[in-house]
Amino acid sequence: MSRTPAPDGARTVESLTGRRPEVDAARLVGDMVPPPRFDSVRFETYVPDPGQPSQAAAVQKLAAFAATLGENGRTPRRRWFTRHASASPAGEATGVYLDGGFGVGKTHLLASLWHAAPAPRERKAFGTFVELTNLVGALGFQQAVEALSGHRLVCIDEFELDDPGDTVLVSTLLGRLADAGVRLAATSNTLPGKLGEGRFAAADFMREIQGLSARFTSLRIDGEDFRHRGLPEAPAPYRDEQVTEAALSTAGAALDDFGPLVAHLATVHPSRYGALCDGVHALFLRGVEQVTDQATALRLVVLADRLYDREVPVMASGVPFDRLFAQELLAGGYRKKYFRAVSRLTSLARDSLTRDASS
């Protein structure tokens, strides 16, 4: 395992590039739970905006949906808050889609639904769309179906509508799970080119998932959409020697040079990026450079998500995070992903500033 040499008396520091995690199918499925920052959320901790009555209504309706998850996890005989969808050929609508803009608490509510579902942890799953596609990539389609078909509930956060191939893949998977009696819940992003055309994506979601749409009912959550604010301004980067010194004095640190880390990520399946971060309490990056290659950029998006989920602060030198992705990437079809990654890395960089100030 790669370690950074330290002066006498200082601790040695691991690097992510020195790790090559091996993750079996049981862990990949077992790790599909709400991220640590949503461990304690519940319907009771969601604070609805009094000026947006749909928020309080969403809590009530989702609690009712959770109550329908009986002992066998199969679809009940009654229909719950069906608004847009009709019963599917295989039975009643068995899934719920949370429809609302960024910042209205959709992930909070989705995680609360997972926590409220009356099923053991091993019989319910929570993951992002990217995590679900990575699971299929790691296990294969049929094994993924088998691994999840015994669940009572599968929650998909940020169902991606910007990749037709993956949309069809995941829609097919969810259709198989619905046929097996698994209940579904999802949120989604907006299609490329429509970020400025309104906050709600229910019609896009229902169209893109095609035959699966009859399995979902849409639950609209009104509220201010913060997406128009654009990229957040990232903190000024540190010098290389500051990053190294801070890493050597921080317990649970990982210290990496950006170029080798990017190269290493290409050799590790994205489904293992969570395991790659196991035990890391802070990440220190030297020499961050702007990324122009889309495959590299998408891998960094996944790493940013896993770091953010685990609340790992990031201290870096080089290019500030609001300039991490080239303009042509930010203008392309995956810009929603890149904006999210920049926002999350910027938040983690600010966390490192707070930690640095308190040390």
Inset, instruction - From the list 311, 328, pick out the single residue that is at pLDDT 90 or above and at positive phi. - result: 311
Inset, instruction - Tell me, yes or no, whether the range 314-335 has at least one residue that is within 17 Å of residue 278 (Cα to Cα), touching a Lys or Arg at 6+ places or on another chain (Cβ under 9 Å), in a helix (DSSP H, G or I) and not hydroxyl-bearing (Ser, Thr, Tyr). - result: no
Inset, instruction - Considering (1) outside any helix (DSSP H, G or I); (2) within 30 Å of residue 171 (Cα to Cα); (3) modelled with pLDDT of 90 or more, say which one residue 63 fails and leave the rest. - result: (1)
Legend entry - Those residues of the range 238-250 which are open to solvent by less than 60 Å² (accessible area, probe 1.4 Å) and either assigned to a strand (DSSP E or B) or not β-branched (Val, Ile, Thr) (or both), in sequence order: 238, 246, 247, 248
Inset, instruction - Show the residue pairs that are 6+ apart or on different chains and have beta-carbon atoms under 8 Å apart, the first residue being within the range 261-284 and of a type in the set (Asp, Glu), the second being at pLDDT below 95 and open to solvent by 20 Å² or more (accessible area, probe 1.4 Å). - result: 278/21
Inset, instruction - Please go through the range 40-54 and pick out each residue that is at pLDDT 95 or above, open to solvent by less than 30 Å² (accessible area, probe 1.4 Å) and not in a loop (DSSP other than H, G, I, E, B). - result: 43
Inset, instruction - Answer yes or no as to whether residue 332 is surrounded by fewer than 19 Cβ atoms within 10 Å (Cβ to Cβ) and farther than 21 Å from residue 107 by Cβ. - result: yes
Inset, instruction - Give the residue that is modelled with the lowest pLDDT, with candidates limited to residues of the range 83-105 that are touching an Asp or Glu at 6+ places or on another chain (Cβ under 8 Å) and open to solvent by less than 40 Å² (accessible area, probe 1.4 Å). - result: 101
Inset, instruction - Filter the range 137-161 down to residues that are more than 15 Å from the chain's Cα centre (by Cα), over 14 Å from residue 184 (Cβ atoms) and surrounded by fewer than 22 Cβ atoms within 10 Å (Cβ to Cβ), then give me how many there are. - result: 10
Legend entry - Condition broken by residue 9, with the remaining ones in (1) modelled with pLDDT under 55; (2) open to solvent by less than 80 Å² (accessible area, probe 1.4 Å); (3) of a type outside the set (A, V, I, L, M, F, W, C) satisfied: (2)
Inset, instruction - Check the range 162-178 and report whether any residue there is within 15 Å of residue 29 (Cβ to Cβ) and either among the basic types (Lys, Arg) or open to solvent by 40 Å² or more (accessible area, probe 1.4 Å) (or both). - result: no
Legend entry - Enumeration of residues in the range 112-130 that are touching a helix residue (DSSP H, G or I) at 6+ places or on another chain (Cβ under 9 Å) and farther than 13 Å from residue 186 by Cβ: 112, 115, 116, 117, 118, 121, 122, 124, 130
Inset, instruction - Filter the range 20-39 for residues that are assigned to a loop (DSSP other than H, G, I, E, B) and open to solvent by 30 Å² or more (accessible area, probe 1.4 Å) and give the result. - result: 20, 22, 24, 31, 33, 39
Inset, instruction - Just name the residue that is nearest to residue 346 (Cα to Cα) out of those in the range 256-298 that are open to solvent by 10 Å² or more (accessible area, probe 1.4 Å), part of a helix (DSSP H, G or I) and small (Gly, Ala, Ser). - result: 259
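The values are calculated or read from the model by the stated rules, or taken from the named source; none is laboratory data. Predicted model only: the values in this text are computed from it and were never measured. With ideal geometry, Cβ positions are generated from the backbone for all residues, glycine too; neighbour counts draw on all protein chains shown. Note: accessible area is taken over every heavy atom of the protein model, side chains too, but ligands, DNA and RNA are not part of it. Shrake-Rupley method; radii C 1.70, N 1.55, O 1.52, S 1.80 Å.
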